[in-house]
Every structure is written in structure tokens, then in C-alpha cells.
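In what follows, a structure is listed as C-alpha cells, so that the remarks can point back to it.
What follows is calculated from the coordinates using simple rules that are stated; it is not laboratory data. What you see is a predicted model, and the numbers here were worked out from it, not measured in a lab. Quick reminder, even Gly has a Cβ in these numbers, built from the backbone with ideal geometry, and neighbours come from all protein chains shown.
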Amino acid sequence: MKHKIAPSILAADFGNLQRDCEMVNNSEADWFHIDVMDGHFVPNISYGMPVIKAIKKHARKPLDVHLMIEKPERYIEEFAEIGADIITVHYESTVHLHRTLTQIENAGCKAGIVLNLTTPVSVLEDILPKCYMVLLMSINPGFGGQKLEEITYSKISQLRDMINHKRLNTLIEIDGGVNGSNSRKLIERGADVLVAGSYVFKSENPIKTISELKSI
Ligand code: DX5
Ligand code: ZN
């Protein structure tokens, strides 16, 4: 399967949101990556429902909603209602993970788990069959524009082995510091989806940058 590219709207120009959404529509990108931060789970606050509604109005590709919020179970139905297609929650943010994933599925979305940098892949052993996707953070979440941490590569390999061993189709998504120099290695290790924020939106020609990431 060809890997997917999910530009992170966090790095878009919010004064020109429609224009940037159209850019993603017209590019070879597969999904819109939507980062929700609450100022508690991560130190930063990003955007919430009204902005996601505005994105949904223009987006012609699935919304991959990454919740960096405490107790995400409080808002699952609302995110589904405003147009989320995939919802990922942090392993570290919710106590009853199995219940939260079921809640996401019942709301009609695909469910995924996110692991912080130092949360080991082994915690997924029992829950993996329920995951449409696992997002491995390759930075400390909260801000775009950081450098991908080396630990990411071995975590991808471990997760790939676990998925293959269990004969699952779970996707592996990587988020944070993805660029043209590390993307090949990430794919080779077994990543299926690459999120890219600054590398895409701060480039001179985002459509071309997405195309290059896609054609690895
Ligand atoms: C950070 C977010 C990322 C961020 C990635 O917590 O989860 O999705 O937008 O941005 P870059 O690609 O600039 O590292
Ligand atoms: Zn993200």
C-alpha cells in the first residue's frame, strides 16, 4: 500500500484558511491532520470546534483529528458531529482506553491511539486489534516546527513487528518533524502515514512539497 500524507493545518495561515484547505484538496495529500490542544495535556492551545467546522466546509478529504486534550471522552460525539473521520486519542490522556475507542467507533469514526515519545509500544499489546491506526509522536506534542527524535525509528520497527505478528492492518502514523530528509527512512521502517506541518506550509511550493513526500 502506498503511504499517505497528512498535512497538519496547525502550520497553515489561519487568515487564509480556505485558500490553504484548497491547496490540500488540489494536492496529492490524503488527509487533513487536525491538532486539538487544550493547554492542559500539552502546554499549548490550538483551536477547537468553530475552526474545525470551517475546515470541514472546504475540505474534500478525510479529517484526521489528533486530540491532545485531557479526558477526550468528553468530546468524542461532538468531534464526530462536526465532521471528524478519524479520531486519535493519547494513551496518556484517558483512563479507560478501550471504552474511549468504542465510543469513537459508535460515533461512526475510525479510532486510533497516540503514544507520547517515551510511552513504550508494548502498552499496545492488548488493544492493538481495536486500533485502525497508531500514531507515534516523533516529538513532544504541543508545538509544530520541532526536530524529529531518533527514538522514533526503533519504535516504528517494534510496532511494525507487532502488527505483522498479529496479522493486523493497523496503520502507523508519524507526527512531528517530518521532512524530505527523514521521510524515506520512516517509510522504510514501516510508517504508513506521514504528518507534515511546517515542512509543507513553510515551503515555497506546498503542492510540490506534498508531491515529493508522496513519491518516496
Ligand atoms: C504537534 C502536532 C503536530 C504538528 C507537526 O503536537 O501534533 O501535528 O503540527 O508539526 P511539524 O510537522 O511542523 O513538526
Ligand atoms: Zn498532530
query: Considering PRO72, PRO50, PRO129, PRO120, which residue is touching a strand residue (DSSP E or B) at 6+ places or on another chain (Cβ under 8 Å) and not hydroxyl-bearing (Ser, Thr, Tyr)?
result: PRO72
- prompt: Of everything in segment 134-143 that's in contact (Cβ under 8 Å) with a residue 60 or more places away in the chain and surrounded by 20 or more Cβ atoms within 10 Å (Cβ to Cβ), which residue is farthest from ligand 1 (Cβ to nearest atom)?
  reply: LEU135
- prompt: Can you name the residue in segment 62-94 that is in a helix (DSSP H, G or I) and of a type outside the set (Asp, Glu) and, of all such residues, is surrounded by the fewest Cβ atoms within 10 Å (Cβ to Cβ)?
  reply: ARG74
message: Looking at ALA54, ALA59 in this structure, which one is more than 14 Å from ligand 1 (Cβ to nearest atom), buried (at least 18 other Cβ atoms within 10 Å of the Cβ) and without any contact (Cβ under 8 Å) to a residue 60 or more places away in the chain?
response: ALA59
query: Across segment 164-210, which residue is farthest from ligand 1 (Cβ to nearest atom) among those that are part of a helix (DSSP H, G or I) and out of contact with any helix residue (DSSP H, G or I) (no Cβ under 7 Å at 6 or more places or on another chain)?
result: HIS165
Qualifying positions in segment 1-47 - in a helix (DSSP H, G or I), away from ligand 2 (no atom under 12 Å from the Cβ) and either within 22 Å of LEU171 (Cα to Cα) or not aromatic (Phe, Trp, Tyr) (or both): GLY15, ASN16, LEU17, GLN18, ARG19, ASP20, CYS21, GLU22, MET23, VAL24, ASN25, ASN26
